[in-house]
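First the structure, which I've put down as structure tokens, then a few questions once you've had a look.
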Amino acid sequence: MHEATRCVVRGRVQGVSFRAATCLRGEQLGLQGYARNQPDGSVEVYALGAPEALAALRGWLAEGPPLARVDGLECVDASPEPVSGFSVRY
């Protein structure tokens, strides 16, 4: 069974390869979804997949890639969207 989550990551998360690293981690976990910058400086992440993989992604998002600084992470359950692979959206 697949579930979906939508997360907003705040902190130093733009300009530090956060979206690309999130896509790589999502692919490694077998998830589908996307990461995109938001006008307020946050990054929105949508992911669809197995509950344990989503939990692993949320744990990773709380830390982020090496150059990032995550100050806040908010995740909520989401409705499934038609996505294929894990991509950066603009």
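The values are calculated or read from the model by the stated rules, or taken from the named source; none is laboratory data. Computed from a prediction, not measured in an experiment: that's the story for all the values here. Using ideal geometry, Cβ is built from the backbone for each residue, glycine included, and neighbour counts are taken over all protein chains shown.
Given the residues Arg6, Arg36, which is the only one that is of a type in the set (D, E, K, R), buried (at least 16 other Cβ atoms within 10 Å of the Cβ), part of a strand (DSSP E or B) and at pLDDT 95 or above?
The conditions single out Arg6.
Is it true that Val45 is in contact (Cβ under 8 Å) with a residue 60 or more places away in the chain and crowded, with 17+ Cβ neighbours inside 10 Å?
no
A follow-up question, please. Just checking, does segment 69-83 include any residue being buried (at least 17 other Cβ atoms within 10 Å of the Cβ) and on the phi > 0 side of the Ramachandran plot?
No, every residue in segment 69-83 fails to be buried (at least 17 other Cβ atoms within 10 Å of the Cβ) and on the phi > 0 side of the Ramachandran plot.
Could you tell me which numbered condition Trp60 fails, if it satisfies all but one of (1) of a type in the set (Phe, Trp, Tyr); (2) without any contact (Cβ under 8 Å) to a residue 40 or more places away in the chain; (3) buried (at least 20 other Cβ atoms within 10 Å of the Cβ)?
Here Trp60 meets the rest and fails (3).
Report yes if some residue within segment 24-33 is surrounded by 15 or more Cβ atoms within 10 Å (Cβ to Cβ), in contact (Cβ under 8 Å) with a residue 40 or more places away in the chain and assigned to a loop (DSSP other than H, G, I, E, B); otherwise report no.
Checked against the condition, which is being surrounded by 15 or more Cβ atoms within 10 Å (Cβ to Cβ), in contact (Cβ under 8 Å) with a residue 40 or more places away in the chain and assigned to a loop (DSSP other than H, G, I, E, B), segment 24-33 yields at least one hit.
All but one of (1) without any contact (Cβ under 8 Å) to a residue 12 or more places away in the chain; (2) acidic (Asp, Glu); (3) in a strand (DSSP E or B) hold for Asp71, so report the exception by its number.
(1)
Mind listing whichever residues of segment 76-90 are in contact with a Gly (Cβ under 7 Å, 6 or more places away or on another chain) and not aromatic (Phe, Trp, Tyr)?
Hit for segment 76-90 is Val83, nothing else.
Applying the selection to segment 39-53, what residues are assigned to a loop (DSSP other than H, G, I, E, B) and closer than 18 Å to Glu74 by Cα?
Scanning segment 39-53 gives Pro39, Asp40, Gly41, Ser42.
Of all residues being farther than 9 Å from Arg6 by Cβ and of a type in the set (Val, Ile, Thr) in segment 75-90, which is nearest to the chain's Cα centre (by Cα)? Just the residue, please.
Taking the candidates together, the pick is Val88.
Residues that are within 18 Å of Arg89 (Cβ to Cβ), outside any strand (DSSP E or B) and of a type in the set (S, T, N, Q): does segment 9-21 have at least one?
yes
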